[in-house]
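A short reminder: the numbers here are calculations on the coordinates, not readings from a lab. All values reported here derive from a predicted model rather than from experimental measurement. Note that we place each Cβ from the backbone using ideal geometry, even for glycine, and neighbour counts take in every protein chain shown.
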Amino acid sequence: MRIVSLVPHATELLFALGLGDDVVGVTHECDYPPEALALPKITRDVLPAGLSAGEIDAAVRERTEKGEAIYALDEDTLADLEPDLIVTQELCPVCAVSYDEVQEVAKKLDPCPNVIALDPKTFGETMGDIRTVAQATNCREAALDLVARQRARVDKVKIAVKGVERRSVVAIEWFDPVFIAGHWTPQLIELAGGTDLLGFAGEHSEQLSWDVLEAAKPAVVLCIPCGYDGPRSLAEAEQYTDRLRAIGAAEVIALDASAYFSRPGPRLVEGLETLAHALHPDRVPEAPGRVHRVML
């Protein structure tokens, strides 16, 4: 089977299922696993490089309001790859080429490939995506194995933090303007031994004011700006130290959002393990990811 992935978390899932040799094309943002970097890129970002958080937000709003895409799809390269299956998403217009565009392009190909969309809104639905991909690729045994391993790791964290005094958390997914993380992140916080004060599981990320964050009085502020790695998340947070200091949290931590929170793929479990370590290092002494602590 020849598979094209049009969203990074789908690429990660395909490789996790042992389908890496079947993947023939990916997006320009597919950077994990490392093998994906060598594959043909069939998308590009139309926004200029080097924009600040506020400039990115303004540019995205402007283009989406006009019905213009954030990413450009290389239709010629896609056709040359002759995919049997295209994996994309509908959940977030900022995260990938639009589903409608992919469908229209697919109809022009001969033969027309199967197109599936992965659109999880909760942590449980991200696990369900494993079965969705397995059904489309006939890899049931690999899917069952991956689900079992993921569940075992989640259970290990749940056991480690059982009975712990929960720490109140506010998770910032973007700084300018401020967005509070939704979707699967509030569930990860709960599983890690925290209590999300502002986010709602399964709901879209919500724009709020700094005053609301101050009124929440969290013990921990989690800085996970969408699409940024750990050092960049830390750098973004350090631009707002006055605002973060005003919240009065005991700790402000920055984690690798791109790897562990923004993408609803297999590495969400690593995000859970890292967050549990950050909140309760006495219960979870090790983690796969680095915890960056913001000095206020």
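About the Cα centre of segment 1-69, how large is the charge dipole given +1 on each Lys and Arg Cβ and -1 on each Asp and Glu Cβ? Please answer in debye to the nearest 20. Walk me through the numbers on the way to the answer.
Numbers: 6 positive and 12 negative charges, 42 e Å.
So the dipole magnitude of segment 1-69 works out to roughly 200 debye.
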Pair R131, E75: separation of 7 Å Cα→Cβ label points (nm): 3.7
Can you list the residues of segment 1-42 with backbone N under 15 Å from a point 7 Å past the Cα of R232, pointing along Cα to Cβ? 8-9, 28-32
Over the Cα atoms of the chain, what Rg and Dmax result, in angstrom? 19.4, 59
From Cα pairs below 8 angstrom and at least 6 apart in sequence, can you work out the relative contact order of the chain, rounded to a whole percent? 15
Straight distance only, please: which lysines reach the Cα of K41 with their own Cα at less than 28 Å, same-chain residues fewer than 8 apart left out? K66, K107, K108, K121
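How long are the semi-axes of the equivalent ellipsoid of segment 162-293, defined as square roots of 5 times the Cα gyration tensor eigenvalues? Whole Å, largest first. Intermediate results must be reported in sequence, preceding the final value.
Numbers: eigenvalues 76, 51, 43 Å².
Computed over segment 162-293, the values are 19, 16, 15 Å.
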Run the quick spin-label model on V46 and V60: label points 7 Å from Cα toward the beta carbon, then report their separation in nm to one decimal. 1.6
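By count of other Cβ within 10 Å, fewest leading, how are M1, M295 ordered?
On the way: M1 16, M295 8.
The fewest-first ordering by Cβ neighbours comes to M295, M1.
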Take D119, project a point 7 Å from its Cα along the Cβ direction, then tell me which residues of segment 198-220 have their backbone nitrogen under 16 Å from it. 202-205
For segment 162-293, what is the charge dipole size about the Cα centre, in debye to the nearest 20, if Lys and Arg each add +1 at the Cβ and Asp and Glu each add -1 at the Cβ? 260
Angle between the Cα long axis of helix 140-160 and the longest principal axis of the chain, 0 to 90 degrees, nearest 10? 0
Report the label-to-label distance for R243 and D145 in nanometres (one decimal), using points 7 Å from each Cα along the Cα→Cβ vector. 4.6
Compare L47, L197, L222 in a GNM of the chain, Cα atoms joined below 10 Å, and give the one with the largest fluctuation. L47
